[in-house]
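Throughout, read-outs are computed from the coordinates displayed, never taken from laboratory work. Values in this document were obtained by computation on a predicted structure and should not be read as measured data. Heads up, the Cβs are rebuilt from the backbone with ideal geometry, glycines too, and the neighbour counts pull from every protein chain shown.
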Number of protein chains: 2
Amino acid sequence: MDREPADLLAERSPSRILLSVLDGLGDVSLPELEDRTPLEEARTPVLDSLAARSELGAMVPVSPGVTPGSGPAHLALFGYDPLRYRIGRGVLSALGIGFDLRDGDLAARINFCTVDSSGVVTDRRAGRIDDGVNRELVEALSGIGIEGVELFVRTVKQHRACVIFRGEGLSDELADTDPGLVGRRPVQVEPLSPAARRSAEIVGRFVQRAKEVLSDRSPANMLLLRGFARHVSLPSMRERFALDPAAVAIYPMYKGVASLVGMKVLGVEPETLEAQVRACALALEQGHDFVFLHHKPADSAGEDGDCARKIAAIEEFDEALPSLLDLGFDVVAVTGDHSTPCPMKLHSWHPVPLLVHSENQRRGYASGFSEREALLHGALGVFPSKDLLPILLAYAGKLGRFGA
Amino acid sequence: MDREPADLLAERSPSRILLSVLDGLGDVSLPELEDRTPLEEARTPVLDSLAARSELGAMVPVSPGVTPGSGPAHLALFGYDPLRYRIGRGVLSALGIGFDLRDGDLAARINFCTVDSSGVVTDRRAGRIDDGVNRELVEALSGIGIEGVELFVRTVKQHRACVIFRGEGLSDELADTDPGLVGRRPVQVEPLSPAARRSAEIVGRFVQRAKEVLSDRSPANMLLLRGFARHVSLPSMRERFALDPAAVAIYPMYKGVASLVGMKVLGVEPETLEAQVRACALALEQGHDFVFLHHKPADSAGEDGDCARKIAAIEEFDEALPSLLDLGFDVVAVTGDHSTPCPMKLHSWHPVPLLVHSENQRRGYASGFSEREALLHGALGVFPSKDLLPILLAYAGKLGRFGA
C-alpha cells in the first residue's frame, strides 16, 4: 500500500503525546438545556481555560454523514484511514473480549438462539440468557474438535459469544448463517467465492456439531454466526509513525483496537479514571512517547439518552485533567471518537470537538471547549479524524520536512 | 469502480428529503449594496428564521477554484463526484431537450452559423435566428441518411440545436468543428484517437451533407459541431442510495440531469414556483422520498448582471418556502448549484451557501441565511458539494453504521 506523508516523515524524539478520548463526546442542541449540548452545559473550568490557550477543531470520523462503529472511529484517531484499513465484526468481537488473535485467524460472532422442533428460529437472542448460562454453553461447545483447525469459543455477553478458527488458508468470504428474522431456519454456511469452499465446510461442520451439543438445552438450543472476518495484522504505530505507544483503557474493545495497531496495553486497577491517570504516569516512566487514554462513560450515557449522566462524565474528566496535565506531556489532545447524541441514543456522524494543547500555537480564539467553539472558533478547522495523528506528531516535533 | 461509503450504507426508510436548489445562488460583495451580496440584501424572513434553527455550511461545487457547468454542479448535489462521473456537453444538450438518449449514443451540440462564399465563418450564431427558422433547418437536416447509423437532429433554441448518432462502436474522441472565431473556416472533423476514425468519417459525412442542405439558406447556411459526447448510463440514485427520487424542474437541462441519475421527472403546469410546490406535494403523495426542486431565476439574473432581479428571485423563493415546509419533509436543504456573481455575469467557483434543517442538529449558530453566515457560522463547515447527499441521508436516518 502507498505510504502517507506521516509514514515517510515520522522520526523519533523524546517528546510525549497524550491522546485522551472521551468516547461519544459530541452531541447536539438539547431543548431541555436551552439548546446547549452536554459539553456546553457541563461545568468544565479546566477544559475551558485550556481551550483559550489551545487550538480547537472539529473532526469528521469517517466521511461526511457517515456514522462509525467504535473500531473504525478509533482507528481513525490512531492515524489509520478507516476506509482503507477495514476490520471485520468478528475480529472486533474477538478483540473486544481480549482474545489474542493471530494473523490468519477466522473469527465470527455467535448469537445463541431458540429454534422450534422443526428447526425454525423463534427467538434470535434466546431470551437474552444471562452470562452464566452463556459460559456453560461455551464450555460445552469448547469440547468440539474439527479436523484441520484449532477452535476457540468465548463468551461475550448475554446471548452473544464468538468463535475463532485457527488454521492454514482460512477465508472470511462466508455468508452469515443468521436469517435475520424469526420464522426462518438458520442459513447453511455458504462460500462467497471458490477460495472459501474449504472454510465453509469447516464452519459448516462446527455448526452441525454445535447443533447436536445444544439440542437438549433451553432456551438457547442453537446458534447463528455473523460477521466472518479474517484477522490480518495492521502495520504498527511504531512501524508507521516511529512511536512507542501505550493504551490506558478499561473496556476490552478499546484495548483490542489499541493492540491491533501495536500499542502496549497497560493494566488499570481499580477500574477508575484515577487509576487510569496513574497508568498514564507509569506509561511515561516506561518510556512510552504516545499514550491513548480512553474514557467510556460519556458514550454509555449518550446511548442511554441520559443527558445528566453525560454531563457528569464530562465533569469527571475535567476534574481529573489537572493531574493528567501535571504529568508533563508535550502535546495533549482531548477529543471523542464520534458523537453519541443523547436524543438519538446512538453513535452519529456529527463532527467531534477537538482540543490540542502544545507550544507554538494560535491561541486566544476560543472562549471554552464545546461543539460551538470547536466548529466556529477552531484554529484547526474541520477535518477528517485520520488527519489528527500527523498534527499531533507535528506539534511533538516528530515529523520531518516534506521536500527541500 | 469502488463504491463509496454512502453506497454501501444507504438503506430505505419512510423519511423524506427536500433538496431545493436556487440556481446560481452564491454571489460576491457588491459595492452598490454596501458590500452585501444579493442574498444578504434580499428580505428573507423565512430563510433567516430557519437558519437559526438549522445547520449552515458552504459547499465547493467541484474543487477549489473550479467553476462548474450546470451538469457537473447538479451531479455533485445528487452525490455524484463530478470528477468521477463526467457528462459531455453534447449529452447534456440532448438531455436538456428531453431526448431519450440510449447507452452508446454519440451526441454533439450544433451552432447554426453564417459563412461567406469562400466558406469563412462571418457569424458563429447566424444572427441568433429564431426558433421557428431553427425548426425548419432541423426539419431539412433530418432528411439526411448516413450509412451505419441512425441520425436525430433536434432544435434547442435560437441558433442552437443538437445531433445524435446512434450505432455500434461510436467514439466521442472527436475535435470540435467550431473554429471559435469568425474569419476562419469550420474545422474538419478530426479523430483524437485511432479508435475514433470511423466515427470521424461518419460525422464528417453528416457535416458534408448538412453543408449541401443548408447552402441556399440565409443567414444560417452552415453548422458547427461542439462537445462530442458518448452517453454512458450512470448508476441510479435508487441503486446507489436506495432512494425513490423525483425532480420538480421547469428547464429541460435540469430535468435531463435529474433523469440521468434515475429521478422521476414530474410535470409542472403552469411553469411557476407555485406549481412547483404543488408538484412537490404530488411527489410525496406518489411515495417519493427524495424531491429535487430546481428554481432557475437567480442564475438567469446573475448571468444578466441584474442584481435587483436576483434579489427578487431569492425573495420569491422565501415567500414560497412556508408552503414547502408545510409539506412535512423530514430533512430540508436549501442551497445553490454554484455561484453566479452579478458583476461577473457568469458561473463562478465561489463556495455556495447551504442550509440543512432537520432534527438532532447544532442550532443557534447563525443569525440568518447568507454567504457570510454560511462561511463563518456554519456547523457543517466548508466541504465539497458531492458530500451533501450522504449528510442528507444521515439526517433522514437512511445511512447505516460503518463498521462495528
*Only Cα pairs under 8 Å and at least 6 apart count here; give the relative contact order of chain B as a rounded whole percent.*
34 percent
*Helix B:273-285: angle to the longest alpha-carbon principal axis of chain B, degrees 0 to 90, nearest 10?*
70 degrees
*asked:* To make sure I understand the rule: partners must be lysines, Cα under 21 Å from the Cα of residue B:211, and not fewer than 8 residues away in the same chain. Which ones qualify?
replied: B:157
*Which whole number gives the average count of other chain Cβ atoms within 10 Å of the Cβ atoms across peptide A:53-66?*
5
*Any idea what the relative contact order of segment A:207-343 is, in percent, if you count C-alpha pairs under 8 Å spaced at least 6 apart?*
19 percent
*Cα centroid distance between segment A:1-52 and segment B:82-99, in Å?*
44 Å
*When Cβ neighbours within 10 Å are restricted to other protein chains, what is their mean count per residue of peptide B:354-363?*
4
*Is segment B:167-272 rounded, prolate or oblate when judged by the Cα gyration tensor, a ≥ b ≥ c being the square roots of its eigenvalues, rounded requiring a/c under 1.5 and prolate requiring a/b larger than b/c?*
oblate
_Taking 8 Å as the Cα distance limit and 6 or more residues as the minimum spacing, I'd like the relative contact order of segment A:286-348 as a percentage._
40 percent
*Just tell me which lysines come within less than 16 Å, Cα to Cα, of residue B:255; anything on the same chain fewer than 8 places away is out.*
B:264, B:296
*Coil-residue GluC sites (Glu not before Pro) of segment A:1-97, DSSP, other Cβ within 10 Å capped at 12*: A:11, A:34
*Could you give the length gained on full extension between residue A:193 and residue A:35, defined as 0.36 nm per residue of separation minus the Cα-Cα distance, in nm?*
51.7 nm
*Sequence-distant residues sharing a close amide H with residue B:36 (under 5 Å, placed H)*: B:30
*Which angle between 0 and 90 degrees, to the nearest 10, do you get for helix B:307-325 versus the longest principal axis of chain B when only C-alpha atoms count?*
60 degrees
*Enumerate the amide H contacts of residue B:16 below 5 Å, restricted to partners 5 or more residues apart or on another chain; note that Pro and chain-start residues carry no placed amide H.*
B:330, B:331
*residue A:216 versus residue A:264: modelled label distance in nm, points set 7 Å from Cα along the beta carbon direction*: 5.1 nm
*Nearest-first distances (nm) between copies at residue B:117, label 7 Å from Cα via Cβ*: 10.5
*Mind listing which GluC sites (Glu not before Pro) in segment B:134-207 are in a DSSP loop and have 15 or fewer other Cβ atoms within 10 Å?*
B:147, B:168
*Just tell me how shielded B:372-382 is by partners: mean number of partner chain Cβ atoms within 10 Å of each residue's Cβ, no decimals.*
3
_Selection from A:174, B:134, B:301, by position along the positive dipole direction of the protein assembly as shown (Cβ)_ = A:174
*Give the calculated FRET efficiency between residue A:100 and residue B:7 to the nearest 0.05, with a Förster radius of 22 Å applied to their Cβ-Cβ distance.*
0.05
*Once phi is turned into θ = phi - 60°, what whole-Hz ³J(HN,Hα) does the Karplus curve with 6.51, -1.76 and 1.60 give for every residue of segment B:358-365, x standing for Gly and Pro?*
6, 7, 6, 10, 9, 9, x, 7
*Specify the residue with the greatest mean-square fluctuation among A:263, A:344, A:59, computed from a Gaussian network of chain A linking alpha-carbon atoms under 10 Å apart.*
A:344
*Mind listing the label-point distances from residue B:323 to the same position on all other copies, shortest first, one decimal in nm, points 7 Å along Cα→Cβ?*
6.5
*So how tilted is helix B:197-214 from the main axis of chain B? Cα-based, degrees 0 to 90, rounded to 10.*
70 degrees
*Considering chain B as a Gaussian network with a 10 Å cut-off on Cα pairs, which listed residue, B:245, B:72, B:322, attains the greatest mean-square fluctuation?*
B:322
_Per-residue HN-Hα couplings for segment B:243-257 [Karplus 6.51, -1.76, 1.60; θ = phi - 60°; Hz; x = Gly/Pro]_ = 9, 10, x, 10, 10, 10, 10, 9, 7, x, 3, 7, 4, x, 5
*Mind giving me the FRET efficiency for residue B:175 and residue A:325? R0 is 56 Å, r the Cβ-Cβ distance, nearest 0.05 is fine.*
0.25
*Nonlocal amide H pairs with residue B:10, under 5 Å, H built at 1.01 Å*: B:400
_What distance in nm separates the two pseudo spin-label positions at residue A:401 and residue B:382, each 7 Å out from Cα along the beta-carbon direction?_
2.8 nm
_Alpha-carbon centroids, segment A:318-349 and segment B:318-371: separation in whole Å_ = 33 Å
*How high is the FRET efficiency between residue B:238 and residue A:120 when r is their beta carbon distance and R₀ equals 30 Å, given to the nearest 0.05?*
0.35
*Mind checking which lysines have their C-alpha under 18 Å from residue B:398, skipping anything on the same chain fewer than 8 residues away?*
A:345, B:386
_Karplus 3J(HN,Hα) series, Hz, for segment A:395-404 with 6.51 cos²θ - 1.76 cosθ + 1.60 (x for Gly, Pro)_ = 5, 8, x, 10, 10, x, 7, 8, x, 8
*In nm, to one decimal, how far is the residue B:84 label point from the residue B:308 one, both placed 7 Å along Cα→Cβ?*
4.6 nm
*May I ask you to report, in nm to one decimal and beginning with the shortest, the distances from residue B:139 to the same position in the other copies, taking label points 7 Å along Cα-to-Cβ?*
9.4
